[in-house]
Amino acid sequence: MTLAEAALLSAAAFGAGALNAVAGGGSFLTLPALVVVGASPIVANATGTVALLPGYLSGTWGFREDIRPPPGLSLRALLLLGLAGGAAGAALLLLTPAPAFRRLVPWLLLAATALFALAPRLLRAARRDARGAAQAAADSAGSPARWAAAGVLAVSAYGGYFNGGLGVLLLALFALLGQTDLNAMNGLKNLLSAALAAIAVALYAAGGLVRWPEAALMTAGATAGGYLGARAARHIPGAWLRRGIVATGLAMAAAFFARG
């Protein structure tokens, strides 16, 4: 790596760690930065996840006073579901041919950006319909916890395959499960992201998808960004942050479409 490449990766990791702690969208920074320094998209996706894992942990610590499990699930059950889903998603990524993933990346980025842009509406709708969804689940399956577990498993599998937009999906899911405290939801989002990323990272490493020098360099920046982002979350205007993340996501998707 050149000094300029090292500076780019460090800055991207710091920004990504802060974004993931507050609202998600960190992969919009790490994936393209790694591609710029020569990684293939599938390797960049895996290496970026490795780099962001400590940021999830530090973000969780930053929200440690606020973490509460969603209704119907214990923290233990939530973590076990996250591990299972993350493993499934990572295994699917290992089975995806690199050219196919390269073609998928701009669409995945575009979908993740759309999710993020629609997040306020999704969260409002999820909160509005939470009670009715729980009742419908009880009527159809006899146990709302089953639907909660299925939702956590599905979103975790997505996160194990592609990290972009994971935070938005988790926040919407927690709102649907009946949570209303945004700080508690953010803390839980970081905790579950850390769990599913940890098992995904183990599988990525076993499959040889990780560029370790780049991952090691980015880890420090992501860790610092994750903690500082969590502590600063109460002081950053959400609208400003959201517009910046959406603009970044659209720009990255356009760049990958242009690359073909």
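Just to be sure, is residue 68 free of Cβ contacts under 8 Å to residues at least 60 places away in the same chain and over 28 Å from residue 95 (Cα atoms)?
On the way: free of Cβ contacts under 8 Å to residues at least 60 places away in the same chain: no; over 28 Å from residue 95 (Cα atoms): yes.
When the stated conditions are applied, residue 68 does not pass them.
If residue 9 passes every condition in (1) part of a loop (DSSP other than H, G, I, E, B); (2) closer than 25 Å to residue 221 by Cβ but one, which one does it miss?
Evaluating residue 9 over (1) part of a loop (DSSP other than H, G, I, E, B); (2) closer than 25 Å to residue 221 by Cβ leaves (1) as the failure.
Testing residue 51 on (1) on the phi < 0 side of the Ramachandran plot; (2) touching a helix residue (DSSP H, G or I) at 6+ places or on another chain (Cβ under 6 Å); (3) modelled with pLDDT under 85, one condition comes back false. Which one is that?
(3)
Of all residues being surrounded by fewer than 24 Cβ atoms within 10 Å (Cβ to Cβ) and part of a helix (DSSP H, G or I) in segment 174-184, which is modelled with the highest pLDDT? Just the residue, please.
Out of the qualifying residues, it is 184.
Since residue 189 meets every condition but one in (1) among the basic types (Lys, Arg); (2) more than 24 Å from residue 86 (Cβ to Cβ); (3) buried (at least 24 other Cβ atoms within 10 Å of the Cβ), which condition does it not meet?
Only one criterion in (1) among the basic types (Lys, Arg); (2) more than 24 Å from residue 86 (Cβ to Cβ); (3) buried (at least 24 other Cβ atoms within 10 Å of the Cβ) is unmet by residue 189, namely (2).
Table: residues versus (1) of a type in the set (Lys, Arg); (2) farther than 21 Å from residue 155 by Cα; (3) touching a Ser or Thr at 6+ places or on another chain (Cβ under 7 Å).
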site	(1), (2), (3)
14	no, yes, no
22	no, no, no
43	no, yes, no
50	no, no, no
61	no, yes, no
85	no, no, yes
98	no, yes, yes
113	no, no, no
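Restricting to segment 173-195, what's the tally of residues that are over 22 Å from residue 146 (Cβ atoms), small (Gly, Ala, Ser) and within 16 Å of the chain's Cα centre (by Cα)?
3
So, in segment 128-165, of the ones that are assigned to a loop (DSSP other than H, G, I, E, B) and over 20 Å from residue 75 (Cα atoms), which residue ends up modelled with the lowest pLDDT?
So in segment 128-165, the residues assigned to a loop (DSSP other than H, G, I, E, B) come out as 142-143, 162-165.
Going one step further and asking which of them are over 20 Å from residue 75 (Cα atoms), we end up with 142, 162-165.
Numbers: 142: 42, 162: 89, 163: 79, 164: 77, 165: 75.
For segment 128-165, the residue satisfying everything is 142.
Can you list residue pairs whose Cβ atoms sit under 8 Å apart, with the first residue in segment 82-110 being part of a helix (DSSP H, G or I) and the second being surrounded by 15 or more Cβ atoms within 10 Å (Cβ to Cβ) and charged (D, E, K, R)? Count only pairs 6 or more apart in sequence or on different chains.
none
Which pairs have Cβ atoms under 8 Å, sit 6 or more apart or on different chains, and link a residue in segment 194-215 that is under 15 Å from residue 52 (Cβ atoms) to one that is of a type outside the set (Ser, Thr, Tyr) and not in a helix (DSSP H, G or I)?
So the pair list comes out as 197/163; 201/210; 204/210; 211/39; 214/1; 214/37; 214/39.
Going by the structure shown, is residue 60 assigned to a helix (DSSP H, G or I), touching a helix residue (DSSP H, G or I) at 6+ places or on another chain (Cβ under 8 Å), modelled with pLDDT under 90 and at negative phi?
On the way: assigned to a helix (DSSP H, G or I): yes; touching a helix residue (DSSP H, G or I) at 6+ places or on another chain (Cβ under 8 Å): yes; modelled with pLDDT under 90: yes; at negative phi: yes.
Yes; evaluated as a whole, the condition is true for this residue.
The values are calculated or read from the model by the stated rules, or taken from the named source; none is laboratory data. Everything numeric in this text was worked out from a predicted model, so none of it was measured. Every residue, glycine as well, gets a Cβ built from its backbone with ideal geometry; the counts of neighbours run over all protein chains shown.
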